[in-house]
Amino acid sequence: MRILLVSCSTHKEGNSYLALKEAERGVRDKGIETEWLHLNEYFFSNGTEKEYLSDLIQKVQSSDGLIFGTPVYFGAWSSLAQRFYEYLKENKVDLFKKVVGFVVVGAKRNGGQETTITFAGWDLMGLGACMVNDGYPVSQFGGSCVGGLIGDVLNDKEGLQMSFNTGKRVAETAMILNAGYMSGDTRMFIWPPNHKKMNRCRGCADCPSKELFDKNEDFKCRFSDDEMPEIHKQLMESNLISPTIYDLRFFERTRYLRRDNYRLTYHVAWIPEPKWIPLFIKQNCILCREKPNQYAWLVSTGKEKLTLEKQVYQPIGYKNPYIK
Ligand SMILES: Cc1cc2nc3c(=O)[nH]c(=O)nc-3n(C[C@H](O)[C@H](O)[C@H](O)COP(=O)(O)O)c2cc1C
């Protein structure tokens, strides 16, 4: 198995390359090989392109997953990355069964790292790939790093850690897809369910409830006076989530699932519009736009064949009474 590291900056050894090297360490940590693809060797700064790009396509096709390391330019990925994406699209390269992840570097803290990952992920999922984030312990969008001058990213320990984790998560997901079968059952959960009564999340500091946590209850939100306990069961039995109506009240209500060690980690979410990406990526799901049934089968059969790392939730910015 092999993960392709796609370096998307004109700076050969710039910040996004350095962050991508951390992701490479994460991939290797899982015992998976890596290969590098430096886009500036194919698509040049003066707008011209290498004459034969067949080796580029061959590298993509023979990989099990891709991690993009890109600078943030105006809140989006680089034009090198965009040209690469267009090239794959023009040549009808199918990314089905491949997983993508992102490590991105901007000069500013809120410089558009998240918009970059959201829209890059949307485009690549359109070519058939599935998308994951950095996984536990923080489960955000991927490797979101800060660094302006070349080398500055090395001071962003948090960003580099998320990049490392992105490497691990992409590698693990690739292993699951590789081990899975292209047959099985689809247990689809239509999101939101047809509920008549749904409370809003009250944002409890000790979520999930300590009492229910200690009792090892499966449903761990202390508020059960609506339809959520029943919906919880249906959701837990499903392997594919199909979002329909953008109901944020219901989404808020699933916060206890994220905080209960990412209960939706191996659910596939079938993404109909980009605005759903932040919601499901933070729930630690595996996202796709194409072949949702096939991804659901591969993930649910593949994960049974592997010993997976437990996804342990880590509170950030507050304390939970039962997490030391
Ligand atoms: C054309 C251009 C646009 C940029 N736009 C942004 C931006 O929107 N947000 C941000 O945080 N940084 C922005 N930057 C800064 C780069 O993202 C930052 O310097 C990054 O570390 C470069 O990565 P590299 O060394 O891998 O090329 C921009 C830089 C350039 C050249």
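Values quoted throughout were computed directly from the atomic coordinates according to the rules given, and no laboratory measurement underlies them. All values derive from a computational prediction rather than experimental measurement. Heads up, the Cβs are rebuilt from the backbone with ideal geometry, glycines too, and the neighbour counts pull from every protein chain shown.
Ratio of Rg to Rh for region 188-305: 0.96 [Cα atoms; Kirkwood radius as inverse mean 1/r over pairs]. Straightening the chain between S79 and I245 buys 56.4 nm, computed as 0.36 nm per residue apart minus the Cα-Cα spacing. Each Lys or Arg adds one and each Asp or Glu subtracts one; over the other residues with Cβ under 12 Å from the Cβ of K291, this totals +1. Where q = 0.14, 0.18, 0.29, 0.30 Å⁻¹, what log10 of I(q)/I(0) comes from the Debye formula for region 29-73, counting one point per Cα? Per q value, in the given order, log10 I(q)/I(0) is -0.44, -0.69, -1.19, -1.21. For region 1-44, compute the orientation-averaged projected area of the C-alpha convex hull (one quarter of its surface), in nm². Hull-based average projected area comes out at 2.9 nm².
Cα extents for region 271-324 along the principal axes, largest to smallest and rounded to whole angstrom: 41, 33, 10. Rounded to the nearest Hz, the phi-derived 3J(HN,Hα) couplings of region 26-38 under the Karplus curve 6.51 cos²θ - 1.76 cosθ + 1.60 (θ = phi - 60°) are x, 5, 5, 4, 8, x, 10, 6, 10, 9, 9, 10, 9, where x marks glycine and proline. Ordering L5, I316, L39 by the projection of their Cα atoms onto the charge dipole of the chain, which places +1 on the Cβ of Lys and Arg and -1 on the Cβ of Asp and Glu, puts I316 at the extreme positive end. Looking at region 261-324, the GluC sites (Glu not before Pro) that sit in a DSSP loop and have at most 14 other Cβ atoms within 10 Å of their own Cβ are E309.
By the beta-carbon count within 10 Å of each Cβ, the least crowded to most crowded order of W77, W270, W276, fewest first, is W276, W270, W77. Paramagnetic label reach from I150 (point 7 Å along Cα→Cβ; backbone nitrogen cut-off under 17 Å): within region 10-40, residues 10-21, 38-40. Once C-alpha pairs closer than 8 Å and six or more residues apart are averaged by separation and normalised to the residue number of region 262-324, the relative contact order reads 35 percent.
Residue separation of K59 and H195 scaled by 0.36 nm, minus their Cα-Cα distance, works out to 44.2 nm of gained length.
Convex hull volume of the Cα atoms in region 118-254, per residue, in Å³?
Cα convex hull per residue, to the nearest whole number: 182 Å³.
This ranking places F68, F223 by how few other beta-carbon atoms lie within 10 Å of each, fewest first, which gives F223, F68.
With neighbours defined as other Cβ atoms within 10 Å of a residue's Cβ, the residues S224, S62, S78 order from fewest to most as S62, S224, S78. Cross-link pairs exceeding 32 Å between alpha carbons, from the set K108/K303; K30/K291; K157/K310; K220/K303; K168/K197; K215/K282: K108/K303; K168/K197. The value obtained for region 1-77, namely the Cα convex hull volume divided by the number of residues, is 88 Å³ per residue. Net charge in the neighbourhood of V72 (other residues with Cβ under 14 Å of its Cβ; Lys, Arg +1, Asp, Glu -1) is -1. Short-range pairs are left out: with C-alpha atoms under 8 Å and at least six residues apart, the relative contact order of region 5-150 is 26 percent.
Normalised by the number of residues in the chain, what is the relative contact order in percent for Cα pairs under 8 Å and 6+ residues apart?
Relative contact order, the chain: 19 percent.
Remark on the chain: Rg and Dmax equal 19.7, 65 Å (Cα only). Site pair R187 and K108 shows an inter-label distance of 4.6 nm when each label is modelled 7 Å from Cα along Cα→Cβ.
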